[in-house]
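The values are calculated or read from the model by the stated rules, or taken from the named source; none is laboratory data. Note that the structure is a prediction, hence the values are computed from the model and not measured. Cβ placement follows ideal geometry from the backbone for every residue including glycine, while neighbour counts extend to all protein chains displayed. What goes into the accessible areas is simple: the full protein's heavy atoms, side chains included, and nothing from ligands, DNA or RNA. Shrake-Rupley method; radii C 1.70, N 1.55, O 1.52, S 1.80 Å.
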Amino acid sequence: MEAADSKTVIRVRNLVKKFGSFVANDNLNFDVEKGEIFGFLGANGAGKTTAIKILCGLQKPTSGEIRVAGYDIYDQADQVKKNIGYMSQRFSLYEDLTVGENFQFYGGIYGLKAPVIRQRTTQLLDELGLTHIKNKILKEIPLGWKQKLAFSVALIHNPRIVFLDEPTGGVDPLTRRQFWEMIYSAAQKGITVFVTTHYMDEAEYCSRVSIMVDGRIEALDSPSGLKKHYRAESMNEVFVKLARSGKNSR
Amino acid sequence: MQTAEIRIEHLFKSYQNIVALNDINLEIRQGELFGFIGPDGAGKTTLFRILSSLMIPDKGKASMMGLDVVANYKEIRKKIGYMPGRFSLYQDLTVEENLRFFAGVHGASIEDNYHLIKDIYSQIEPFKDRPSGKLSGGMKQKLALSCALIHRPKVLLLDEPTTGVDAVSRQEFWAMLKKLREAGLTILVSTPYMDEASLCDRVALIQKGTIMDVATPDSMIAQFGFPLISVRSSKMNLLLDDLKSLAETKMAYRFGDAVHGIMELDNKKMLIEALLNKGHEKIECETITPTIEDCFLLLMQTKDE
């Protein structure tokens, strides 16, 4: 069943998640629209990872109403998982499989048929200009390429939303920019991108940015709107102003 | 003229067919806060492992405080503090047990050297009975630094202490390093965050096992050698490609909410005209001082040519 307003692909109302007496997510409310690049920022320990796990259907909230890709995360978690892609810096691809085998493996997990996997693999590698490394073992290729491949693999099943958890950690400044070009082109095709990062210049590349402090969303607006409101020159300044007020964090 | 505390000569290291370090030469003075700036896979960790005597180079020499890192490894280990990139403390020991363990291994006592770590350790002391695996990222970092300092080292090697750490905790960590440096320690720190370069006395920009440049952050910026402009317009999505297409543009890339162009000549009037012709409006264009990230990007391109 689709959400009433199909432009809204993530809808979060009064999301609360407690671990014992600790409140990790304290009444979160926000919407994310189709094709947006939504930056999800916060200090370490502010509650980002918990919220992402809930949005991906991996963890149940204590209370609240959450729909992702039109599906309810309580009753339709499997549908949620089929309609989202996920990539993180830590867990990405299998190092001892070839590039092609990684696509095959993830395509299989999402239940795609062999001809579809072949067609998608060809198409995605072609877009990256990396067709020539299809048969290379992953551990033999440079980190920058791996990150781009991991992003492509996360798109193999044509998800409506892709979650990127610190996707550019540790990559060189040139590759980091090429990675953002990929994010833009995905967004232009209508894929919603939900991204976390510790690079504050990357926050400037997002359509909208939310900043979490101690389990709450303290600010949510476009980067230019946030800079204006907090009278700051850069997103780094905005972030530091807000995050300094946190207690749980760090 | 201060003497070289650390001397690295023609250092090479490969793993099978991957070259991790390719002829590294460097001298670091006593009391310097020296930064190695580069992405993952640049060779930073390999270099730190060789300097901390945990790995033997294929070729070349490295010495610290006059001691060779291969021949005199036992003496070296007593005089250095090493904080590896991955959290390497015992997760099931408490905060205090970890500190006691590392002091014990080096034959030092917490009581004798407490003054060295007081500023840092006092922030996590309220949690001294908590297993270290259950600490937050920022607290783990403070404990790891305390453990690396407890035997009163002369040289501190910190391998990516701020990776994956948020912008505020990073600022706090650098404030701690400044204090340690004032106390006379020589500090080597590696980081993938280019904006941290300006906090070091000198930096080496490292990529693919090679040092591309070594200098103070200020002189690196002063020697950039090309006019750098920051541009915004009404059509930001087209601006990058349009700027790249101009003959006088050496290199262009996104930078925060603007596009940076490294230009062959500083002629903003001509540039604005060219962009107007391509249909851009509300063009904002200014010549700016480069950051270390701009320097790194330019060097990467120069190396590729």
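Numbers for the structure displayed
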| item | result |
| --- | --- |
| Choice from A:Ile37, A:Ile133, A:Ile161 with maximal GNM fluctuation in chain A (Cα, 10 Å cutoff) | A:Ile133 |
| 10 Å Cβ neighbours from other chains, averaged over peptide A:201-211 | 2 |
| Accessible area, probe 1.4 Å, largest first, for residues A:Phe179, B:Phe12, A:Phe105 | A:Phe105, B:Phe12, A:Phe179 |
| Burial ranking of peptide ranges A:114-126, B:87-99, B:28-40 (average Cβ count within 10 Å, highest at the top) | B:28-40, B:87-99, A:114-126 |
| Mean residue ellipticity (222 nm) of chain A, computed from DSSP H runs ≥ 4 via -39,500 (n - 2.57), nearest 500 | -10000 deg cm²/dmol |
| Crossing angle, helix B:292-304 versus chain B [Cα axis fit, 0-90 degrees, rounded to tens] | 80 |
| Share, in percent, of DSSP beta bridges within the stretch B:4-221 that are antiparallel, nearest 5 | 55 |
| Cβ-Cβ FRET estimate between B:Gln16 and A:Asp221, R0 fixed at 60 Å, reported to 0.05 | 0.75 |
| Area of B:Lys179 that stays accessible when all protein chains are in place (1.4 Å probe, Å², to 10) | 120 |
| Estimated D of the stretch A:145-250 in µm² per second, where Rh is the Kirkwood radius over Cα pairs and Stokes-Einstein applies at 20 °C, 1.002 mPa s | 144 |
| For the stretch B:40-174: rounded, prolate or oblate by the Cα gyration tensor [a/c cutoff 1.5] | oblate |
| Listed residues B:Ser63, B:Ser53, B:Ser122, most fluctuating in chain B (Gaussian network, C-alpha, under 10 Å) | B:Ser122 |
| Prolate/oblate/rounded label for the stretch A:45-179 (Cα gyration tensor, a/c 1.5) | oblate |
| Highest average packing first - B:191-202, A:138-149, Cβ atoms within 10 Å | B:191-202, A:138-149 |
| Gain upon complete extension [B:Lys118, B:Leu265; 0.36 nm per residue less C-alpha separation] | 47.6 nm |
| Protein-protein interface of the stretch A:31-80, residues with accessible area decrease of at least 40 Å², isolated chain reference, 1.4 Å probe | A:Asn44 |
| Extension gain from B:Asp218 to B:Val105, taking 0.36 nm per residue of separation minus the Cα-Cα distance | 36.6 nm |
| Integer Hz, Karplus 6.51/-1.76/1.60 couplings in order for the stretch B:128-134, x for Gly and Pro | 5, 9, 8, x, 5, x, 9 |
| Net lengthening on full extension, B:Asp68/B:Asp304 (0.36 nm per residue, minus Cα-Cα) | 81.5 nm |
| Global geometry of the stretch A:93-158, whether rounded, prolate or oblate, following the gyration tensor of its Cα atoms and the 1.5 cut on a/c | prolate |
| Most mobile listed residue (A:Gly108, A:Gly45, A:Gly215) in chain A, GNM with C-alpha springs under 10 Å | A:Gly108 |
| List A:His157, A:His132, ordered by accessible area with a 1.4 Å probe, largest first | A:His132, A:His157 |
| Partner chain coverage, peptide B:162-173 - average Cβ within 10 angstrom | 6 |
| Residues in the stretch A:53-78 that a label on A:Ser6 would reach, taking backbone N under 13 Å of a point 7 Å out along Cα→Cβ | A:70 |
| Convex hull of Cα atoms in chain B, direction-averaged projection (nm²) | 18.6 |
| Largest-first ordering by accessible area, 1.4 Å probe, given options B:Tyr82, B:Tyr253 | B:Tyr82, B:Tyr253 |
| Subset of A:Lys189/B:Lys44; A:Lys60/A:Lys82; B:Lys13/B:Lys79 violating a 29 Å alpha-carbon distance limit | A:Lys189/B:Lys44 |
